[in-house]
Amino acid sequence: MDPRRTALLLVDLQEGTCGAEQARQRPGFHGLFRQRTLPALQRALALARGQGIEVIHTVIANLTADGRDRSLDYKRCGMGFPPGSVETRVIAELAPEPDELVLAKSSSSPFSSTVLDYLLRNIGIETLMVAGILTDQCIDHTVKDAADRGYRVICLTDACMAESVERHGAALDCFRGYGELIAVEELAQRLGPSRSRDGSGPNDPGQPPQDLRQDGDA
């Protein structure tokens with residue numbers, strides 16, 4: 001895996017889908033997300049940043065106040081958030097750094113409603129690592145669309161989540177043939193020591209990176 005040709009895509013990890021308000025609306029989902037999925041996401045994000053891997057966030061956000069620009073699916077299910085609303089913000093635990101891309105999308109796949117493909121090709125990305133929610137909806141669609149466009153796709157299985165464990169597992173089985181399915185622990189083993197964005201070597205040898213492999217709960 002060449003970090004210079006790799007990107008981590010974090011899908012829809014925002015206040016409107018997994019933020020604090022979800023604790024009241026969907027306590028079971030929120031509790032499992034905080035306990036199991038969020039730590040894996042944080043670890044994957046730290047690994048990517050430590051390797052100088054491009055990090056891209058997508059958030060569900062309308063381009064218009066009334067959401068008329070949304071996909072038919074989003075309109076049918078009532079999915080969408082007004083532009084600039086609190087619900088469109090990436091949750092604080094995964095907040096983008098200043099130079100990380102944040103794309104507003106109004107369909108399941110960011111390849112349909114954003115310029116993601118254009119950006120990936122301009123940056124020179126060949127491998128796309130995908131994580132986020134929901135495994136059987138936006139993650140499924142994103143993985144398949146990326147594979148169809150010629151990217152090597154890696155889905156970080158424990159950094160994804162569906163409405164139930166059963167739906168999560170069924171989704172992984174569904175798109176298994178479109179890319180690699182690995183846990184964040186395996187990603188850590190593949191990447192090795194932290195490196196700079198240009199791939200020249202470990203970052204600041206006088207300041208060793210935090211050992212992200214000391215726990216096994218990802």
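Each reported figure results from applying straightforward, stated rules to the coordinates on display, with no laboratory input. Just so you know, these numbers come straight off a predicted model, no measurement behind them. No Cβ is skipped: glycine too gets one built from the backbone with ideal geometry, and neighbour counts run over all protein chains shown.
For the range 64-103, how many residues meet the condition of being hydrophobic (A, V, I, L, M, F, W, C) and farther than 21 Å from Val115 by Cβ?
7
How many residues does the range 9-55 contain that are of a type in the set (A, V, I, L, M) and in contact with a His (Cβ under 6 Å, 6 or more places away or on another chain)? If you could, list the steps in order and put the result at the bottom.
Of all residues in the range 9-55, those of a type in the set (A, V, I, L, M) come to 9-11, 13, 20, 23, 32, 38, 40-41, 44-48, 53, 55.
Going one step further and asking which of them are in contact with a His (Cβ under 6 Å, 6 or more places away or on another chain), we end up with 10, 23.
So the answer is 2.
At positive phi and of a type outside the set (S, T, N, Q): is that true of Gly150 in this structure?
On the way: at positive phi: yes; of a type outside the set (S, T, N, Q): yes.
The answer is yes for Gly150.
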Within the range 88-135, restricting attention to residues that are under 12 Å from the mean Cα position of the chain (by Cα) and part of a helix (DSSP H, G or I), which residue is surrounded by the fewest Cβ atoms within 10 Å (Cβ to Cβ)? Leu94
Tabulated pairs, the range 153-178, first touching a residue at least 12 places away in the same chain (Cβ under 8 Å), second acidic (Asp, Glu) and assigned to a strand (DSSP E or B), C-beta under 9 angstrom, 6+ apart or interchain: Val153/Glu180; Ile154/Glu180; Cys155/Glu180
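Test of understanding: among Ala104, Ala92, Ala162, Ala188, which residue is touching a strand residue (DSSP E or B) at 6+ places or on another chain (Cβ under 7 Å) and not β-branched (Val, Ile, Thr)?
Numbers: Ala92 fails: touching a strand residue (DSSP E or B) at 6+ places or on another chain (Cβ under 7 Å); Ala162 fails: touching a strand residue (DSSP E or B) at 6+ places or on another chain (Cβ under 7 Å); Ala188 fails: touching a strand residue (DSSP E or B) at 6+ places or on another chain (Cβ under 7 Å).
After applying the criteria, what remains is Ala104.
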